[in-house]
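A short worksheet on the structure shown next.
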Amino acid sequence: MTERTLYKDEKQLIMISGGLDSVVLAHKLKNDGVLLRGIYFDIGYLPAIPERNAAKMAADKLNIPLEIVDVQGIHNMVSGFIPIEDLGNGELDKGQPGAIEFSETNPYIVGFPVLMSMASYYALLAKIPVLNVAFIEEQAKYNPGVKPFLNNWINTIGPLNPNENLEIKAPFVNTSKAKIVELGASLSINFTNTWSCHRSGPYHCGVCGGCISRKEAFSNASISDPTKYIESKK
């Protein structure tokens with residue numbers, strides 16, 4: 001087998017969704033001098049096109065390689081288990097409800113471990129010893145299982161690959177979204193090239209959970225929000 005030399009000096013991998021949090025984290029890591037590579041999972045959900053566009057723009061801006069993985073079969077699998085009006089609105093890569101109002105008869109099922117498993121597998125294959133995820137403080141509050149999951153993940157997969165090492169980092173897990181906006185502003189990030197909306201299109205809808213969270217973050221950070229919204233929440 002030919003020895004892999006392409007990007008052989010990479011030291012850390014980051015899951016980039018194209019969202020504000022992961023893009024800011026990618027910029028921070030690159031600014032800190034980290035040799036970085038990104039991975040984006042195309043789930044086929046409604047915002048896939050603008051998310052993928054934002055992820056690619058971030059990778060291009062940072063001059064880092066980006067692996068795009070097509071996992072749209074996940075969308076097909078989810079189909080049939082939730083109402084059609086909710087299909088495609090879930091936040092598989094976020095670890096918490098927010099896109100839609102889930103009821104007792106239609107409980108929110110966190111699918112993040114699916115992506116975490118694939119990202120970890122990729123990191124091990126590529127011999128990248130550190131995997132970064134952009135979980136933030138609000139997400140950890142919404143779902144208290146986030147921190148235990150991250151802490152125990154390596155213990156779960158470690159015995160399967162005892163000769164390989166992988167560290168999971170969540171640098172923003174104790175950082176609010178407002179603070180992340182402040183950090184992004186200090187790094188001169190063009191926020192218009194990030195995507196938070198749970199829907200698709202050239203502009204954010206302005207009323208979904210992702211848009212509201214984005215608006216609140218800019219407001220709490222006292223930083224002007226450059227995002228174009230179709231409408232504001234009444």
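Taken together, the values in this text are just the output of simple stated rules run on the coordinates, not laboratory data. Bear in mind the structure is a predicted one, so any value in this text is a computation, not a measurement. For neighbour counting, all protein chains shown are included, and Cβ atoms are generated from backbone atoms with ideal geometry for every residue, glycine included.
Observations, loosely collected:
- Ranked Met118, Met77, criterion: other C-beta atoms within 10 Å, fewest first: Met77, Met118
- Extension gain (nm, one decimal) between Asp60 and Asp32, 0.36 nm per residue minus Cα-Cα: 8.3 nm
- When Phe149, Phe81, Phe112, Phe41 are sorted by how many other C-beta atoms sit within 10 angstrom of their C-beta, beginning with the fewest, the order is Phe81, Phe149, Phe112, Phe41.
- For Ser200, neighbours were defined as the other residues whose beta-carbon sits under 11 Å from its Cβ, and their charges (Lys and Arg +1, Asp and Glu -1) total +1.
- Annotation: the residues Leu187, Leu160, Leu66, sorted from fewest to most other C-beta atoms within 10 Å of their own C-beta, follow the order Leu160, Leu187, Leu66.
- Modelled spin-label separation between Ser186 and Tyr203, with each label point placed 7 Å from Cα along the Cα-to-Cβ direction: 3.3 nm.
- Gained length - Ile223 relative to Gln72, 0.36 nm times residue gap less alpha-carbon distance: 50.8 nm
- Pairs beyond 20 Å (Cα-Cα), from Lys30/Lys228; Lys141/Lys179; Lys127/Lys169; Lys169/Lys228; Lys141/Lys177: Lys30/Lys228; Lys169/Lys228
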